[in-house]
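Below: one structure, written as structure tokens.
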Amino acid sequence: MDLLISITVFVLAAYVGFEVITKVPPTLHTPLMSGSNAISGITIIGALVVAGRYAGVAGVVLGFLAVSFAMINVVGGFWVTDRMLQMFKREDRP
Amino acid sequence: MNGGALIDPILAGYLYLLAAVLFIVGLKRLQSPATARRGNQIGGAGMLLAIVVTLIRYEILNPWVIVAGVVVGGGVGLWLARTVEMTAMPQLVAAFNGFGGGASALVAAAELIENQGNLDLRAGITVALTVLVGAVTLSGSFVAYAKLQGLIPGRPFGYPGQKVGDSVLALLIVALIVWLVISPNVLVMWVLLALSLFLGIVRVIQIGGADMPVVISLLNAFSGVAAALAGFVIQENALIISGALVGASGLILTNIMVKAMNRTLGHVLFAAFGGDGGGGPVGGEAKPVRSANSEDVAIALGYADSVIIVPGYGLAVAQAQHNLKELADMLEERGVEVRYGIHPVAGRMPGHMNVLLAEADVPYDKLFALDEIEDDFPHTDVALVVGANDVVNPSAREDPSSAIYGMPIMNVDLAKHAIVIKRSLSPGFAGIDNPLFYMDNTLMFFADAKRGISDIVNSMKEL
């Protein structure tokens with residue numbers, strides 16, 4: 001993949017991110033942070049490739065740590081965000 | 001690399017793109033509390049898709065390494081997410097940021113170890129930058145975690161000759177990156193990793209506890225940038241797109257926090273500003289304050305028409321959100337209009353107060369941001385300040401010599417009456433006195449937020 005294409009993708013995605021996220025209301029900023037943090041756990045893809053591909057001791061150790069770290073990030077991040085968001089309720093009592 | 005692949009790499013690429021689109025759709029739904037939960041679930045589905053595609057895409061030589069990592073990491077993450085108290089959310093998010101950054105650094109490190117003979121210039125640069133950003137995120141986040149959890153004091157730590165020491169460290173890191181780019185070398189990479197970890201520690205340890213909203217937001221952006229850089233290393237668009245989204249999100253939040261403190265990012269990162277909010281009283285002559293007991297406060301609140309509650313970090317420390325909700329319910333039963341004014345930097349992370357109040361079942365349509373409520377104080381009967389200090393300091397508006405002059409504040413001093421629940425007259429993290437406490441229309445109720453509010457509730461029952 002060409003470096004220019006990678007950078008193009010990065011710039012456009014960052015622009016989409018700015019557009020979407022500036023409209024998130026302040027009341028949701030904590031779930032936004034934990035939820036977006038869970039998305040940064042996408043590095044799990046790289047961790048899985050590394051852990052599955054390399055047979056050397058260093059590869060095994062690094063692969064295990066990378067997968068563990070990324071999984072903490074992914075599972076914990078999405079779960080705790082869900083826990084928070086289910087608490088946000090509108091005034092519905094009469 | 002695709003010898004044992006179960007699905008076509010082109011198809012895998014499209015599925016990764018679908019996962020990235022799901023992340024964007026999910027984030028878009030965070031624009032309203034009504035759709036936010038579903039949005040987060042859509043994002044989670046995107047992540048599951050990406051993981052499954054990866055598992056069936058490549059021939060896996062070490063399935064047990066993956067199984068062990070998934071079980072250990074998933075288990076720890078699940079346990080943390082299920083057991084954390086809402087008051088401890090800032091340190092949990094800090095820790096998650098750290099793990100994400102650490103994972104990205106490890107991916108880059110493994111790539112270098114396996115391919116060191118045939119890395120081109122572009123690979124060398126991206127590996128070096130991923131190791132740097134990922135490692136700084138890892139160690140910086142855990143220092144922030146330790147400060148927020150109270151494992152180390154929140155005040156800034158410095159050391160003699162710090163400016164010189166920090167500059168030498170920065171130069172060393174730049175030199176190592178150049179070395180790594182020119183001739184990829186495992187030993188140099190490890191030294192770079194170690195120095196980057198050290199950089200994260202010394203940088204964050206010099207930042208005061210109350211500046212943590214900025215630090216956590218910035219580390220959030222870093223964890224995204226680290227993931228995007230890892231995407232450049234393994235040449236995968238899904239990582240680049242997702243990392244860019246998170247980087248943008250973290251930068252926006254950082255900018256909001258910095259503006260709400262009327263500071264610059266450079267000042268937060270390098271000025272070692274303030275303490276941890278537990279400092280002694282400010283010197284000078286003792287000025288008279290109007291001290292109240294719980295009955296005085298109950299009467300003032302109970303016979304008001306409108307009340308705005310302004311919470312701060314003290315509410316979280318005392319875990320008083322449920323008591324506050326009980327008090328607000330009693331007031332509403334008496335016909336008092338109750339709203340909440342949330343300053344952007346109240347608490348230790350963006351939106352911290354909103355999550356605490358949501359936990360106590362306060363409906364989100366009663367929570368108002370600074371710009372939505374700041375003009376309402378002059379026609380409000382009582383502004384009730386619970387565990388906040390600098391964000392209600394009128395010096396920010398009136399005293400050009402004040403360290404916080406120009407910072408946007410909640411104008412509680414303009415309300416007909418202000419009631420401040422606070423343990424003592426000690427200054428906030430900025431270490432400056434608060435004229436609000438000495439004003440004629442201010443009542444000071446000296447108490448821990450939880451005890452104080454439950455005493456007011458008891459007094460209210462007798463009205």
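Derivation of every value follows stated rules applied to the coordinates shown; laboratory data play no part. All of these numbers come straight from a predicted model, not from anything done at the bench. Note that we place each Cβ from the backbone using ideal geometry, even for glycine, and neighbour counts take in every protein chain shown.
A few notes on this one:
- For the stretch B:361-433, the list of chymotrypsin sites (Phe, Trp or Tyr not before Pro) that fall in a loop by DSSP and count at most 15 other C-beta atoms within 10 angstrom reads B:Tyr405.
- Working from Cα pairs under 8 Å separated by at least six residues, relative contact order for chain B is 14 percent.
- Computed from point charges on the beta carbon alone (+1 for Lys and Arg, -1 for Asp and Glu), the dipole magnitude for the stretch B:97-276 about its Cα centre is near 520 Debye.
- Taken over chain B, lysine pairs spaced eight or more positions apart, or on distinct chains, with alpha carbons under 28 Å apart number 26.
- Phi-derived couplings, Karplus 6.51 cos²θ - 1.76 cosθ + 1.60 at θ = phi - 60°, listed residue by residue for the stretch B:51-68: 5, 5, 4, 5, 5, 9, 7, 10, 5, 9, 7, 10, x, 5, 4, 5, 4, 4 Hz, with x used for Gly and Pro.
- Shape category assigned to the stretch B:44-152 from the gyration tensor of Cα positions, a/c cut at 1.5: oblate
- Extended-chain gain in nm, criterion 0.36 nm per residue less alpha-carbon gap, B:Ile10 and B:Ile152: 46.1 nm
- Over the protein assembly as shown, equivalent-ellipsoid semi-axes from the Cα gyration tensor in Å: 46, 26, 18
- Pair-distance profile P(r), taking every C-alpha pair of chain B, with 20 angstrom steps and integer %: 22, 49, 24, 5, 0
- Across peptide B:50-56, the average count of Cβ atoms from other chains found within 10 Å of a residue's Cβ is 4.
- Helix B:449-461 and the long axis of chain B differ in direction by around 40°, with both axes built from C-alpha atoms.
- Taking each residue as 0.36 nm, the span from B:Val67 to B:Glu332 lengthens on full extension beyond its C-alpha to C-alpha distance by 90.0 nm.
- FRET efficiency, 1/(1 + (r/R0)^6) with R0 30 Å, evaluated for A:Tyr15 and B:Val186 via beta carbons: 0.25
- Note on B:83-95: average number of Cβ atoms from other chains within 10 Å of each residue's Cβ is 3.
- Electrostatic tally near B:Gly39: other residues with Cβ closer than 12 Å to its Cβ, Lys and Arg +1, Asp and Glu -1, net +3.
- Residue by residue, the stretch B:219-230 carries 3J(HN,Hα) couplings of 5, 4, 4, 4, 4, x, 4, 4, 5, 5, 5, 4 Hz when phi is fed to the Karplus relation 6.51 cos²θ - 1.76 cosθ + 1.60 (θ = phi - 60°); x denotes Gly or Pro.
- Scanning residues 5 or more positions from B:Ser306 or on other chains, those with amide H under 5 Å from its amide H are B:Glu337, B:Asp381, B:Val382, with H placed 1.01 Å from N in the peptide plane.
- Couplings 3J(HN,Hα) of the stretch B:333-341, computed from phi: 4, 7, x, 7, 7, 10, 10, 10, x Hz, in residue order, whole Hz [Karplus 6.51 cos²θ - 1.76 cosθ + 1.60, θ = phi - 60°; x for Gly and Pro].
- Anisotropy class of the stretch B:1-83 from Cα gyration tensor, a/c 1.5 cut: oblate
- Peptides B:44-50, B:92-98 ranked from most to least packed give B:92-98, B:44-50, packing being the mean of other C-beta atoms within 10 angstrom over each peptide's residues.
- Other-chain or far-sequence residues with amide H under 5 Å of B:Val385's (modelled H): B:Val310, B:Ile419, B:Val420, B:Ile421
- Residues of the stretch B:434-463 with amide N under 12 Å of a point placed 7 Å along Cα→Cβ from B:Ser291: B:444-447
- Close amide H partners of B:Thr442, meaning residues 5 or more places away or on another chain with modelled amide H under 5 Å apart, are B:Ala418.
- Chain A shape via C-alpha gyration tensor axes, a/c threshold 1.5: oblate
- Per-residue average of Cβ from other chains inside 10 Å of B:219-229: 5
- For the stretch B:393-443, applying the loop criterion from DSSP together with a ceiling of 16 other beta carbons within 10 Å to the trypsin sites (Lys or Arg not before Pro) yields B:Lys416, B:Arg423.
- Modelled spin-label separation between B:Ala369 and A:Asp2, with each label point placed 7 Å from Cα along the Cα-to-Cβ direction: 4.0 nm.
- Averaged over residues, the count of other Cβ atoms within 10 Å places the peptides B:119-126, B:100-107 in the sequence B:100-107, B:119-126, highest first.
- Residues of chain B were split at every exposed loop site, defined as GluC sites (Glu not before Pro) in a DSSP loop with at most 14 other C-beta atoms within 10 angstrom, and the longest piece left, sites excluded, is B:86-284.
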